[in-house]
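To start, the structure itself, in structure tokens.
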Amino acid sequence: MQKNKSNIVVVIGAQWGDEGKGKVTDYFAARANYIVRFQGGNNAGHTIILDDKTVKLHLIPSGVLHKECKLIIGNGVVIDPRVLIKELNMLKKEGLSTNLLVSDRAHLIMPYHVDIDYHLTNYQNELAAGSTRSGIAPVYADKLYRHGLRVADLLNKDLFETRLKKSFDFNKALVEKVFNEKFNHNYEEILKEFLGYASVIKQYIANITEVLSSAVEKNEQIMFEGAQGACLDVDHGLYPYTTSSNTIAGQIEAGGGVGLNTSKKIVGIAKAYLTYVGRGPFPTEIKGELEDKIRDVGQEYGTTTGRARRVGWIDLVQLKFANQLNDFSEIILTKVDVLSGLKNIKLCVGYKVGGKDFAGIPSDIHNFKNIEPVYETLPGWGSLPNHIKSLNQCPDELKNFVAKVEEVAGVKVSLISYGPDRNQTFKI
Ligand code: GDP
């Protein structure tokens, strides 16, 4: 059979998350027939501003403003049904789209997973990645143990009962015997609660492989929306300071449920500087007055927690690594306005360990902790014009910054975002 050249766009955070993906996903969402989340859970988030209202979503994909677009939660996502139902209710209340399909194969976050996330963070102590305590790591662990509960199980009461018993007993023992904590859950109550969710969620459950295969055949536009960032990938990030899923573009097929031997545009989003919410080493971290200034101008505080993000210079070794992992077609550089007015701007162009050049990103925490960043310092740019249509209208210092990013990361910058407003972007 002739394979179509479906138009597939994959949007991936190219750093440690919080790159300003919202604006970009919104741009592609307006052109998509399907928007698919393929990893992570309600540890992600985007904000939709509607006239005087703000709607925050953590699980449902972008695109709720576009009623004709199908929103898909793929099998690679882990679903807390309580969060899903809350978001659906909020969207209905605001008159936004609930044109949603949920993979029958996605795993369910159970109430005890959330508690275990909390115990786990205490147990792992400084080796913990800094979890949002939403139950994500424990549910992925149960998935791999193969006693996880899936969305499809909700449709079969007897099967759900049996599977819940296995999962419940295992996790009870884990809490009581490993963490020596009280297990505050009741099997019967959870069973009743979840069978209740089944009646609400039922109408959204689908075999996503069928849906997306047919979309590819019909040459429809599909956007895959990454959560977190490439450098938090559980395999390729700085383990254990990673998220619990694969965040790179390669995950779209495993977590979306469809083979895609077709043309794809893989878009990496990178901020002009770097932020990090984890506890792991951060080679280009800035401390002191400048740190506070960048954080305040860039509003670098956690969307849900309000926690101050750590701030640093852009790390082009990291960006090059993200490009090697994702094979970006292009990158979009965001928040260049936040650096306006700085006398000098540093870019990390290499790593040294023990005074010797170090190629690539170290896999081990020991070497990563001892990284000495090699910087190139460029003169900064002043304030930017209010309306920019092309790079030609930008100060030479910004042009040089962009050229350096492209040279070291090995990928072209296609678009620059220079303010929170939807119009504050220009193509290169
Ligand atoms: P995500 O976590 O990567 O999805 O990041 P968000 O999309 O939530 O963006 C975080 C914040 O950055 C939002 O408040 C955006 O309005 C803001 N933002 C996005 N792009 C820019 C930009 O180019 N400049 C400035 N100053 N803010 C931006």
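The values are calculated or read from the model by the stated rules, or taken from the named source; none is laboratory data. None of the values given here were measured: they were computed from a predicted structure. Cβ placement follows ideal geometry from the backbone for every residue including glycine, while neighbour counts extend to all protein chains displayed. Just the protein is used for accessible areas: all its heavy atoms, side chains included, with ligands, DNA and RNA removed. Shrake-Rupley method; radii C 1.70, N 1.55, O 1.52, S 1.80 Å.
Enumerate the strands (runs of 3 or more DSSP E) found wholly within region 1-80, keeping only those where 1 or more residues are touching a strand residue (DSSP E or B) at 6+ places or on another chain (Cβ under 9 Å), open to solvent by 40 Å² or more (accessible area, probe 1.4 Å) and of a type in the set (D, E, K, R).
Values: elements: 8-13, 34-37, 46-50, 53-57, 70-73.
Output list reads 53-57, 70-73.
Name the residues in region 299-308 that are surrounded by fewer than 21 Cβ atoms within 10 Å (Cβ to Cβ), of a type outside the set (Phe, Trp, Tyr) and on the phi < 0 side of the Ramachandran plot, would you? Spell out the reasoning first.
Taking region 299-308 as the starting set, the residues that turn out to be surrounded by fewer than 21 Cβ atoms within 10 Å (Cβ to Cβ) are 299, 301-308.
Those still in the list that are of a type outside the set (Phe, Trp, Tyr) too: 299, 302-308.
Once the filter is applied, which keeps residues that are surrounded by fewer than 21 Cβ atoms within 10 Å (Cβ to Cβ), of a type outside the set (Phe, Trp, Tyr) and on the phi < 0 side of the Ramachandran plot, region 299-308 yields 302, 303, 304, 305, 307, 308.
Check every one of the helices (runs of 4 or more DSSP H) wholly within region 186-280 and list those with 3 or more residues that are surrounded by fewer than 17 Cβ atoms within 10 Å (Cβ to Cβ) and touching a residue at least 12 places away in the same chain (Cβ under 8 Å). Give the steps one after another, and end with the answer.
Values: elements: 187-201, 208-217, 251-256.
In region 186-280, 187-201 are the helices (runs of 4 or more DSSP H) which contain 3 or more residues that are surrounded by fewer than 17 Cβ atoms within 10 Å (Cβ to Cβ) and touching a residue at least 12 places away in the same chain (Cβ under 8 Å).
Cβ-Cβ below 7 Å, separation at least six or inter-chain, first residue in region 408-420 and free of Cβ contacts under 8 Å to residues at least 40 places away in the same chain, second within 16 Å of the ligand (Cβ to nearest atom): which pairs?
none
Identify, from the list 402, 317, 311, the residue that is part of a helix (DSSP H, G or I), open to solvent by less than 50 Å² (accessible area, probe 1.4 Å) and within 15 Å of the ligand (Cβ to nearest atom).
Values: 317 fails: within 15 Å of the ligand (Cβ to nearest atom); 311 fails: part of a helix (DSSP H, G or I).
When all the criteria are applied, what remains is 402.
Residues are listed down the side, and each one gets a yes or a no for (1) within 22 Å of residue 242 (Cα to Cα); (2) surrounded by fewer than 17 Cβ atoms within 10 Å (Cβ to Cβ); (3) more than 29 Å from the chain's Cα centre (by Cα):
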site	(1), (2), (3)
326	yes, no, no
332	no, no, no
357	no, yes, yes
362	yes, no, no
379	no, yes, yes
407	no, yes, no
415	no, no, no
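Taking the criterion of being polar (S, T, N, Q) and away from the ligand (no atom under 16 Å from the Cβ), would at least one residue in region 54-65 satisfy it?
Of all residues in region 54-65, those polar (S, T, N, Q) come to 54, 62.
Those left that are additionally away from the ligand (no atom under 16 Å from the Cβ): none.
No, region 54-65 contains no residue that is polar (S, T, N, Q) and away from the ligand (no atom under 16 Å from the Cβ).
What number of residues in region 212-229 are over 15 Å from residue 254 (Cα atoms) and away from the ligand (no atom under 16 Å from the Cβ)?
9
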